[in-house]
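Q: I'd like to ask some things about the structure below.
Read-outs: derived from the displayed coordinates by stated rules, not from any lab. Bear in mind that the values here come from a model prediction, so they are computed numbers and not experimental data. Glycine gets a Cβ as well: all are built from the backbone with ideal geometry, and neighbour counts include every protein chain shown.
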Amino acid sequence: MPEGNEIHRFAERHAAALAGGRVSADSPNGAFPDAEVLHGRKLQAVEAYGKHLGYVFGRDMILHVHLGMYGDFREGTMPLPPEKGALRLRLWNRANWVELRGATDCSIFDAEKWQALLARLGPDPLRPESDPEPGFAVIARRNTPIGQLLMDQSVFAGIGNIYRAELLFRAGLHPRTPGREVPRPSIASIWKDARKLMPLGMIDRRIVTTLAKDRALKRGPEADQDRTRKRGAAPVDQAIPHQRGLAQDDEIHYVYRRHGKPCLRCGTKIEKEEMAGRTVYWCPACQKR
DNA sequence: GTGGGATGGGCAA
DNA sequence: TGCCCCTCCCACA
């Protein structure tokens with residue numbers, strides 16, 4: 001379900017709710033029998049790298065969670081809610097609980113396995129210390145389309161299908177452009193844009209990438225104050241200038257899942273195609289090779 | 001009620 | 001490249 005931005009948000013929230021003390025753990029659907037190994041242990045920290053989460057219980061006891069396409073968390077304050085659905089894992093303390101469903105992976109890593117995972121991930125735009133150069137270098141020598149390279153977690157970690165499409169639109173770059181033909185300033189600006197856009201991404205659990213000036217919907221200041229969810233409209237954060245104003249469902253993205261609809265900038269029909277098993281979307285007029 | 005698709009990735013071949 | 005994992009949601013009947 002989520003891309004890197006939401007994974008990092010989960011890490012922050014789960015650390016705030018549960019880290020620093022002992023937690024209880026169980027696996028109501030039995031799909032994570034190691035829950036009993038974690039039960040009663042102190043959760044030291046929660047880390048996010050790309051789309052991977054690590055719940056650190058010890059040097060050789062890191063709970064690795066990858067949500068994949070279907071996985072999701074729910075969070076709340078005690079008491080635990082009634083058990084519902086296929087519940088893989090619950091973690092809780094006296095104050096808070098976290099539930100995990102549908103994850104691609106939920107298993108305990110030792111230090112070696114955790115390091116091996118990190119070693120195969122490229123720089124993560126959401127980690128301030130990330131050096132993008134290794135990612136730039138890979139792109140500069142590959143003939144693979146840039147649309148495919150942006151989805152490759154060993155090039156950059158954390159970018160998913162929505163940000164792939166939207167970053168390319170914002171850069172004016174056609175997804176089929178071979179990596180080695182992407183000008184250095186273009187890829188540098190995509191990295192910079194990802195650094196800026198991804199932390200601001202989630203509005204009402206949706207990613208909003210469009211500028212207010214590109215959205216048809218214009219509202220007065222009083223509407224801007226309205227933070228409640230309206231059917232089909234996402235309230236956006238006043239503190240984020242590029243997201244000022246409400247965003248209708250079909251204008252929270254420039255191209256992602258907008259195939260056949262007019263481009264928000266130029267009116268040309270958005271196109272789509274399969275690229276390495278995933279659908280990529282672009283505006284044939286705004287995005288050039 | 002049903003069926004297809006989805007913000008992902010590992011694996012076999 | 002295609003298959004699997006195995007969950008939720010929406011459009012459509």
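Q: Ratio of alpha-carbon Rg to the 2.2 N^0.38 Å globular estimate for chain A, to two decimals, please.
A: Here the answer is 1.07, to two decimals.
Q: Please list, ordered by chain and number, the residues whose modelled amide H lies under 5 Å from the amide H of A:K261; skip anything fewer than 5 residues away on the same chain.
A: Amide H neighbours of A:K261: A:I270.
Q: Given only helices, namely DSSP H runs of n ≥ 4 each adding -39500 (n - 2.57), what is the per-residue ellipticity at 222 nm of chain A, to the nearest 500 deg cm²/dmol?
A: My calculation for chain A gives -7000 deg cm²/dmol from helical runs alone.
Q: List the chymotrypsin sites (Phe, Trp or Tyr not before Pro) in segment A:1-69 that DSSP assigns to loop (not H, G, I, E or B) and whose Cβ has at most 12 other Cβ atoms within 10 Å. Which are they?
A: Of the chymotrypsin sites (Phe, Trp or Tyr not before Pro), not one in the loops of segment A:1-69 has a Cβ with at most 12 other Cβ atoms within 10 Å.
Q: Please work out the C-alpha center-to-center distance from segment A:265-289 to segment A:16-43 and express it in whole Å.
A: Centre-to-centre distance over Cα atoms comes out at 44 Å.
Q: Within segment A:115-168, report the chymotrypsin sites (Phe, Trp or Tyr not before Pro) that DSSP leaves as loop and that have at most 11 other Cβ atoms within 10 Å.
A: none
Q: Which whole-Hz ³J(HN,Hα) couplings does segment A:135-148 yield from phi under the Karplus relation 6.51 cos²θ - 1.76 cosθ + 1.60, θ = phi - 60°, glycine and proline marked x?
A: x, 4, 5, 4, 4, 5, 10, 9, 8, 4, x, 4, x, 7
Q: How far is helix A:161-171 tilted, in degrees, relative to the longest principal axis of the Cα atoms in chain A, given as a value from 0 to 90 rounded to the nearest 10?
A: Compared with the principal axis, the helix lies near 40 degrees.
Q: If you don't mind, there's one more thing I want to ask. Residues with amide H under 5 Å of A:L89's amide H, sequence separation 5 or more or different chain, H placed in the peptide plane at 1.01 Å from N; which?
A: A:L100
Q: Quick one: Karplus J couplings for segment A:263-274, per residue in order, coefficients 6.51, -1.76, 1.60, θ = phi - 60°, nearest Hz, x for Gly and Pro?
A: 4, 5, 8, 10, x, 5, 5, 5, 10, 9, 7, 7
Q: Shifting gears a bit: In terms of modelled amide H atoms, which long-range or inter-chain residues lie less than 5 Å from the amide H of A:I108?
A: Answer set, sorted by chain and number: A:H64.
Q: Which of the lysines could a cross-linker bridge to A:K196, judged by Cα under 22 Å and excluding same-chain residues fewer than eight apart?
A: Partners within reach: A:K51, A:K213.
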